[in-house]
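Before any comments, here is the structure.
What follows is calculated from the coordinates using simple rules that are stated; it is not laboratory data. Fair warning: this is a prediction, and the values are worked out from it, not measured in the lab. For neighbour counting, all protein chains shown are included, and Cβ atoms are generated from backbone atoms with ideal geometry for every residue, glycine included.
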There are 2 protein chains.
Amino acid sequence: MDISGLLTSAGINTGFCLVAFALYSVLRKQPSNASVYFGQRLAQLRAKRNDHFSFDRFVPSPSWIVKTWEASEEEILASGGLDAMVFLRIVVFSIRIFSIAAVICIFLVLPLNYFGKEMRHRQIPAESLDVFTIGNVKEGSQWLWAHCLALYIISFSACVLLYFEYKNITNKRLDYIVGSSLNPSQFTILVRAIPWSPEESYSDSVRNFFTNYHASSYLSHQMVYQTGAVQKLMIDAAKMYEMIKCSPSEPHFGSCLIRCGLCGGTKHSFKILSGEQESIRGGSGFVNSDLREKECGAALVFFRTRYAALVAAQVLQSPNPMIWVTDLAPEPNDVYWKNLCIPYRLLWIRRLLTLLASIGFMIVFVIPVTVVQGLLHLEGLQKRLPFLSGALKSKFIIRIVTGYLPSVVLVLFLYTVPPTMYLFSTIEGAISRSSRKKSACCKVLYFLIWNVFFVNVLSGKVIERLSVVSSPKDVTAQLGTAVPTQATFFMTYVLSSGWASLSFELLQPYALLCNLFYKFILRNKEDPCTLSFPYHTEIPRVLLLGFLGFTYSIMAPLILPFLLVYFFLAYLVYRNQILNVYVTMYESGGKYWPIMHNTTIFSLVLTQIIAIGVFGLKESTVASAFTIPLIILTLLFNEYCRHRFYPIFKDNAAQVLIELDRKDELCGRMEEMYKKFPKAYSQFPSTSNDLCKDIPLSHCEDRDGNTRLQDLADIKPGNLPIQSLVVRSTLEIEELNLK
Amino acid sequence: MDISGLLTSAGINTGFCLVAFALYSVLRKQPSNASVYFGQRLAQLRAKRNDHFSFDRFVPSPSWIVKTWEASEEEILASGGLDAMVFLRIVVFSIRIFSIAAVICIFLVLPLNYFGKEMRHRQIPAESLDVFTIGNVKEGSQWLWAHCLALYIISFSACVLLYFEYKNITNKRLDYIVGSSLNPSQFTILVRAIPWSPEESYSDSVRNFFTNYHASSYLSHQMVYQTGAVQKLMIDAAKMYEMIKCSPSEPHFGSCLIRCGLCGGTKHSFKILSGEQESIRGGSGFVNSDLREKECGAALVFFRTRYAALVAAQVLQSPNPMIWVTDLAPEPNDVYWKNLCIPYRLLWIRRLLTLLASIGFMIVFVIPVTVVQGLLHLEGLQKRLPFLSGALKSKFIIRIVTGYLPSVVLVLFLYTVPPTMYLFSTIEGAISRSSRKKSACCKVLYFLIWNVFFVNVLSGKVIERLSVVSSPKDVTAQLGTAVPTQATFFMTYVLSSGWASLSFELLQPYALLCNLFYKFILRNKEDPCTLSFPYHTEIPRVLLLGFLGFTYSIMAPLILPFLLVYFFLAYLVYRNQILNVYVTMYESGGKYWPIMHNTTIFSLVLTQIIAIGVFGLKESTVASAFTIPLIILTLLFNEYCRHRFYPIFKDNAAQVLIELDRKDELCGRMEEMYKKFPKAYSQFPSTSNDLCKDIPLSHCEDRDGNTRLQDLADIKPGNLPIQSLVVRSTLEIEELNLK
C-alpha cells in the first residue's frame, strides 16, 4: 500500500467521523431521542421535557464538545463513578505518552527511516508505506542508535507517567472506600459452601457457626434462595389467590409487556412483590417452611464492624477449605444473585471449562482473521484465486480492498467477541456484576491482543510463505521480521476500528433504532432501558490501540498521528457518553487500572523484545544489547508497582476500616446502620407499583445485547422483613445474550 | 547401547551398593563413628558409650535393615518430624505407583515393543536396548491401544494414590498444628517495614501502632537488631572490661576454636552471653540507648490468642502496602535472624535478581550436559575428535564410556547445584530456615527437570543433527521423537545417580572424613556437628527419578525395575538416616507435599503429551485423540486437589486455632504461656558455659557445606530480659557456603 492508499482510507474515515459527529449534534437535540443520548441525565433528573419545535434543532453544532470539555473531574466522578474516572485516565495517559512518542518519532526516527537507504524516492503520494518503516534502514547503520534512544525515552516516560497515574488512582480508590463508608457491603460477607446437615437448616448452620466462632462481631445473616423456574411457578400457583385479588395497576401491563419483552425477556411468570412494612424476623409460618426448602448453601452475613467483616472474609474458616468459603460481599446493586446459588464445589470446574472454551474460541477465530489477511495480501490471493484478478485490476477497487475492507471485515467479526466472553464470564460464576464485567474485559483483551496482533503478524507470513514460522531459533528475530511488515494493516486498523467505533459509540445506532421502534411503531411513551458503561468492550479496544501504538512507535512512526487523533476524539466522546448516556448502577472501585497497567508493561516489554530482534536483523548488535537492560528495568518497575499499589486493589487496609468504624461509633451512627442491613440486600426486591418506570434504574444493561433486568422474581427471604405480600403478574425478564 | 552394556552398568552399581552397605554395617558399629551415624540418637540420649573391643564389630551384618524396617510411624514422626514423614510418603507413593506401572508395562507393553516389528531378533544380551522401546512398534499398529490403555491405568492409579496421600498428609498437618499448640510461633507475627519516624524509636512505633489498632489482642513485642560486624566489634570493645573479668572456662577455648573453626567460621569476635536470671523489662539504661540505634525496622509481635495473631498476619495493615508488612512468625528455632533485617523495600529486588540468577545458572549449566551427551553419542564424538578413535576401539572401554561415565560426569556436576541454589534462597531473603530450604528445594527441582531431562532430550538431538529443533510445528511430535531415543541414558542415570547416591547417603563419606580428621588427627574428643535432613537435595532427586519413571513407563518399560529397586533401597536408607543420623531442628510442617503433588501432576501431563506425540508419529491418530481427555481429566483432578487440600498448607484454619485458644483458656494455661514468649525468641541466645557441647544442637547444618552455627553474637534485645551480661571471647561462626 502506498501513501495515497492510506490517505484514501484516512479520508473515508475522517468524512465518516465528521458526518457522524454532525449527525449526533442534530440527533441529540431531538426530544424523542433524549432517552438514547441523555439516559444518565434522565436518571438523575426525571425532569419534564418540552417538545417545542425550533429550527435550531436541525442545525449541526459543536456545542456538545464545549460542554463535554468544560465538565470537571467531580462531575465525571459523580455521574460515572471511579471506574469511569479510571477509564478516562487511561485515555489521558495514552494521549500523553503518544504525544511524547509522536514528537520523538516523527522528528527523529521518521526522517532516518525515510532516508535510511540510498534510493531514489518517488513522489510522496506514490511512495510505498514501507519506506517510512524501520525496514528501510540500512543494515549495520549507525542511525539505529537513534531508534534505541527513542525506545529508551518512550519507555522511561511511560514508566514515569504510569507511576504517577497509579499513585493517583490508588489515592482515589482509598477516597472511594472512605466515601462509600455508608455502604452495607463493607459490613457484609458472602458465605458459600455451607455444609448441609440433616438436623438443621442452612440458616441455623450459619447462625450456629458464626455465633460460635465470631460471637463478638456477628450481627445477623440473610440466606440466598434458589431461583429455579419450576419452583417459582409452583409457588406462583400456590399464591394465585392473592395475585388475582390485589393487582391494581393492570392498565400498565400492555406497554410493560411490550417494552420489557423487547428489552430482553420472553418468559412469563408470576411475581410476589413485597411492600415496605415492618419486618417479621425469624417467623416460622407457612412462608418460612416453604422457603427453607429453597435455601441455597450460601448466605450474606452481617457484622458489627467493617474490620470484623474484612477479617471473616479473608481468613480460612474451616480445616476443610471446600466448606465455609467466605468473601467480601459485593455492593447490593452489584450482587449477581443467580450465581450465588452455584454449589461451590462446581465453581472450579466451571472456571476450568470456561478457560478451555475461551482458548478454543480464540483458536477458532483465527479463520476469519486469516481470510482478512488474504484480502490484504492481494498478490498472494490473486495467485490462489485467479478468477478474482479481473475485478482487482481497477486501481480504486484495489485501494478500497487493501486500505479499508480488511479492517472492516475484522471489525465486524470482532463484534461477536464481547458478548461471547461476557457469557463465558457469567458461566464462570462471578458473584458480582462488576467482577463479571471485569473478567469479560480481561478475556476480550487477551483475545484482541492475540487475534488482532499476533495472529495477524504470524498469519501474514502464512499467506506469504505458506509455512508456519520455520525455525524458533530466535523468536525475537522472527518477531523482528514479521512485525514491521504488518505496519500498513495496523494503520488502517486504527482508522477503521478506532475512528469508526467512536462514531458508532457517539451515535448509538442500536439504541437509536430501538428507540424509534418503541416511539413511532409501538407508540410507547416510556423511555427504553438505559445502559451501563460497557467497560468490557471499550477498555480492551483502547488498550489494544495503545498496544499497537507502543509496538509500532519506533518501527513505523506514521501510525502515531492517527492514534493521537483517535485518543483525542475518544477523550471527547467518552466524556460525553459518561456525562450523558450511561447510568452507573455498580462499579468495581477502580479495579480496571491494574489491567491497564499490566497491559502497558506487557506492550513495553514486547516492543523492547521486537526492537532487539529488529536491531539484530539490522546487524546492530550493540543497540540490541543495550535494549536488554531496558527490559530488566521495565520489569523491575512493574514489580515495584505490583508491591506498592496492587494490594490496595485486592484487599481493603485494616487501618482505613478500623478508623471508619471508630468514626461511626463516635457519631453513634452504627446502630442506625445495623437497621438498614436487612433491607439493603434483597434478592427479590420490593417493587413499587410503577414497575415500568423503575426499569431504567434496575439492571437493564449492556448494549452488546446482554439486556437484562434484575430477577424481580419470587418471594422475600425468611430471615428478612417479610412484608405484606403483594402478588402481581408481571414479566420475568431473563438474561438474553444476543450475539 | 545393548543389553550387555546396561548389565555392565547395573553390575558395577550393584557391586558398589553391596560393598557400601556392607561397609556401612561395619562402620556404624565403630564407637568412634557414632557421631556420624547416630547423630539423632546422640542428640536424644547423650548416653555414655562403651568403647570395648569385639570381633563382631568387623563383621558385616544386615541387622540395621531389620531395625530400620521395624520402626513404627510414630518413631519416624518423633525423630524426624512431619517433613521426614512426608518425605517417606513420597518414597512409598513412588514404590506403589511404579509397582503398578511395572506390572502393567512389563507384562503388557514390553512384549508388544519387543515383537512390534517383524525382524530377526538377536540373542538377548546383544540386543540393542531400542528394541525394547516404543520405537520398535510398527507404524499404524493396532497394538498402540495397549500403550494407551496402560497410560490410562497408570494415570488413574496415580491420581487415586495421590488423592489418598494428600488427604492423609493434610490430616497429619492438622494434627501437627494442634500438636504444636504450645509453640509460641502460633501467637507471634513478624512485622517488617516499620515506618521510620524522627520522633520515636521503632519499638515505640510498633507499640503505638498495635495498641492503637489491635488493642484487645496485642500483648508485647520484641525488636529485631542489626548484626553488622563493625557495630558488633564496637560494642565488644566497650564491654571489654567484663570480658576479661568473668570468663571462667578458658581451658575449653583451644578445642572449641579448632572444632568450631572447622565447622565453618574463621572470624573472631567477642560475644556477650547472658545468664538466666531475672529479666529487666523496658529499662532505659546504658545498654538500651545503645540498642535503640541498632534496631531494625522489624519486630516480633506477640498476641493474646492464636486467632488474633493469624488475623493480624493475614490482613493488609496499612493503605501503603510497603509498610507494616505482617507475616506469621516462624518457630523460634526456625527463624533466620539475619534476613529479618533486610529492608522490606529491597526484598522484591532480591527476589527478582535471584530469579534471574537462577535462570542464568540453569542456562550456563547446559554446557557440561552437552559434553556428557557427547560421551554418549560416541559416533558423533569420534567424527568430531578423530584422535579419540584409537582409545575408543576397545569394547570394554566403549561399554564403560557409554554405560557409566556420562552419568557420573553429570552427577559430579550436579553436586554443585544444591549449594548454589541454597545460596540463592538465602540471598532471596527467606525469613525462616525451613522456607529457605523449601525454596532451594523448588529451585533444585526445576533445575534438575530442566537440565537433566529437557536439555538431555534436546541436546541429544543437537549432537546428532547439529541444529536446534528445526520446526515447532508440533511440539508434541518433537518430544515424541526425542524422548524415546534418550531412554538408554536415563536408565544408566537411574543406576548411577540413583543407586550410587543412596550408597553415599548411607556412608556419609564427607562426615566420616571430618570425623576421622577430628578424632585421629586433631585428637578432639567432642562430637562434630550433626546434620539436619537435606530436603533440598533429596526431594528433588527422588522426584526427578519419579518424573523419569512416569515419562518412560510406556516408552521404555525396562527402566521400571531399576527404579523400583532404587525406591525400595531409598525407603530403607532414608528411614535409617531419619531414625539415626539427622537431627530435626526445625520443620515446615509438611509443606513439601504440595511440591511433590505438583511435580507428579506435571510428570503425568508431560507423559500424556509425549504419548500423544508418539502415537501421532506411529500413525495411530485415534489413540492420540483418546489421550487428550486424559490430560483434561488429570488437570481437573489437580485443580480439585488445589482447592480441596492446598489452602491448609498455606494458611491455618480459624476454626482450629479458635478451638485451641478456647481449650487453653479453659485450662487457664494462657497466662503461663504469655510468660514464656519473651524468652522464646532470642536473637542472641543465652548460652551456658559449655558452649562447645551445645553446638550439635544449635544450627550447624546442611552437609552441602552450608555448615553454620546460629549467630551467637552480640547482645540481648532491649525489650527483653537483659540479664547479667557475661562477656566472653569466642568464635563467630559465620555461614560458609562451600561449593
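Neighbours of A:LEU572 by Cβ distance under 13 Å: Lys/Arg scored +1, Asp/Glu scored -1, total 0.
Mind checking segment A:103-212 for GluC sites (Glu not before Pro) that DSSP puts in a loop (not H, G, I, E or B) and that have at most 12 other Cβ atoms within 10 Å?
Values: sites: A:GLU118, A:GLU127, A:GLU139, A:GLU165, A:GLU199, A:GLU200; in loops: A:GLU118, A:GLU127, A:GLU139, A:GLU199, A:GLU200.
For GluC sites (Glu not before Pro) across segment A:103-212 that sit outside H, G, I, E and B with at most 12 neighbouring Cβ atoms in 10 Å, the list reads A:GLU118, A:GLU139, A:GLU199, A:GLU200.
In this rough spin-label picture, where each label sits 7 Å from Cα along the Cβ direction, the B:GLU139-A:VAL371 distance is 3.5 nm. Each residue, B:ASN171 and B:VAL66, gets one label point 7 Å from its Cα in the Cβ direction; the gap between the two is 3.3 nm. For B:MET670, neighbours were defined as the other residues whose beta-carbon sits under 15 Å from its Cβ, and their charges (Lys and Arg +1, Asp and Glu -1) total +1. Shown for A:PHE568: label points 7 Å from Cα along the beta-carbon vector, and their distances to the equivalent points in the other copies, 8.2 nm in ascending order. Peptides B:657-669, A:328-340 ranked from most to least packed by the mean count of surrounding Cβ atoms within 10 Å: A:328-340, B:657-669. Take each residue of peptide B:202-213, count the partner chain Cβ atoms within 10 Å of its Cβ, and average: the result is 1. Per-residue 3J(HN,Hα) values for segment B:437-448, derived from phi via the Karplus relation 6.51 cos²θ - 1.76 cosθ + 1.60 with θ = phi - 60°, read 5, 5, 5, 5, 4, 4, 4, 4, 4, 4, 4, 5 Hz in sequence order (x marks Gly and Pro). Residues whose amide H lies under 5 Å from that of B:VAL581, counting only those 5 or more places away or on a different chain, are B:GLN40; hydrogens are built 1.01 Å from N in the peptide plane. Rg and Dmax of segment A:63-110, based on Cα coordinates, read 14.8, 43 Å.
Sparsely packed loop sites in segment A:59-151 (the trypsin sites (Lys or Arg not before Pro) outside DSSP H, G, I, E and B with at most 10 other Cβ atoms within 10 Å) comprise A:ARG120. Counted by Cβ distance under 12 Å from A:TYR218, the other residues give a net charge of +2, where Lys and Arg count +1 and Asp and Glu count -1.
When each of the peptides B:432-441, B:630-639 is scored by the mean number of other C-beta atoms lying within 10 Å of its residues, the order from highest to lowest reads B:432-441, B:630-639. Listed values for segment B:618-633 are Karplus-derived 3J(HN,Hα) couplings in whole Hz (6.51 cos²θ - 1.76 cosθ + 1.60, θ = phi - 60°), namely 7, 6, 10, 5, 5, 4, 4, 5, 5, 7, 4, x, 4, 4, 4, 5, and x replaces Gly and Pro. In units of the compact-protein estimate 2.2 N^0.38 Å, segment B:498-594 shows a Cα radius of gyration of 1.35. Once the C-beta distance of B:PHE602 and A:VAL26 is scaled by a Förster radius of 56 Å, the resulting FRET efficiency is 0.35 to the nearest 0.05.
Seen from every direction in turn and averaged, the convex hull around the alpha carbons of segment A:67-182 projects onto 10.5 nm².
The mean count of C-beta atoms from other chains within 10 Å of the C-beta of residues in B:315-327, rounded to a whole number, is 6.
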